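Readers should treat all values here as calculations from the given coordinates under stated rules, not as data from a laboratory. What you see is a predicted model, and the numbers here were worked out from it, not measured in a lab. As a convention, Cβ positions derive from the backbone with ideal geometry for all residues, glycine included, and neighbour counts pool all protein chains shown.
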Amino acid sequence: MAFEEFHKSKYVSSKGNFITITKTGVMNVSTEAYQGFLKGVEHVLFLFDREKNLIGIKPMKEKNLNSYNVRVMERGKAAAKAISISAVAFLKHYNIDYREKRKLEPKWQDEKHELIVLDLNKPL
């Protein structure tokens with residue numbers, strides 16, 4: 001039997017269009033979701049619909065007082081990216097539970113609103 005060396009820099013844990021809210025209050029954005037919704041965006045605003053339990057993420061062209069940074073970090077030679085947005089203050093303010101990791105499907109809210117919507121009622 002021959003052993004093959006595992007190269008972790010080439011491993012992508014999961015593919016698909018999703019945003020994960022982690023136990024640390026960070027939103028990790030999949031590469032597919034980043035390419036589809038946030039490519040080239042450096043800042044976002046968070047919004048919340050209390051009645052429908054929806055998170056809104058509005059891509060911003062410029063930073064403002066209420067915007068959050070979109071962090072894009074290169075990983076290794078394979079050019080994989082780790083995309084994240086710190087959301088602790090937002091999640092705490094609206095009492096959104098992040099004790100357990102939650103994967104959500106982002107949906108684009110029409111061109112008028114230019115908003116990414118995450119439905120907390122429908123985790124993946």
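Quick rundown of the values:
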quantity	calculated
CD proxy at 222 nm, helix term only [per DSSP H run n ≥ 4: -39500 (n - 2.57); per residue of the chain; nearest 500]	-1000 deg cm²/dmol
³J(HN,Hα), Karplus 6.51/-1.76/1.60, whole Hz, each residue of the range 39-45, x for Gly, Pro	4, x, 8, 9, 9, 9, 10
Positive-pole candidate from Phe18, Val88, Ala2, dipole of the chain, charges at beta carbon	Ala2
In sequence order, calculated HN-Hα J values of the range 113-124 (Karplus, 6.51, -1.76, 1.60; Hz; x Gly/Pro)	8, 6, 9, 8, 10, 10, 8, 5, 7, 10, x, 7
Dipole of the range 49-124, positive direction: furthest Cα of Tyr98, Ser67, Ile57, with charges on the beta-carbon	Tyr98
Cβ crowding within 10 Å averaged over residues, with 111-121, 20-30 ranked highest first	20-30, 111-121
Sites matching GluC sites (Glu not before Pro) across the range 35-94 that sit in DSSP coil, with at most 13 neighbouring C-beta atoms within 10 Å	Glu51, Glu62
FRET E, pair Val26, Asn64, Förster distance 22 Å, beta-carbon r, rounded to 0.05	0.55
Which labelled figure in (i) 9.6; (ii) 8.7; (iii) 10.9 is mean projected area of the Cα convex hull in nm², once derived from the coordinates	(i)
Test item: Cα-centred dipole of the chain, Lys/Arg +1 and Asp/Glu -1 on Cβ, debye	280 debye
Lys pairs under 14 Å by Cα in the range 17-123, provided they are eight or more residues apart or on distinct chains	12
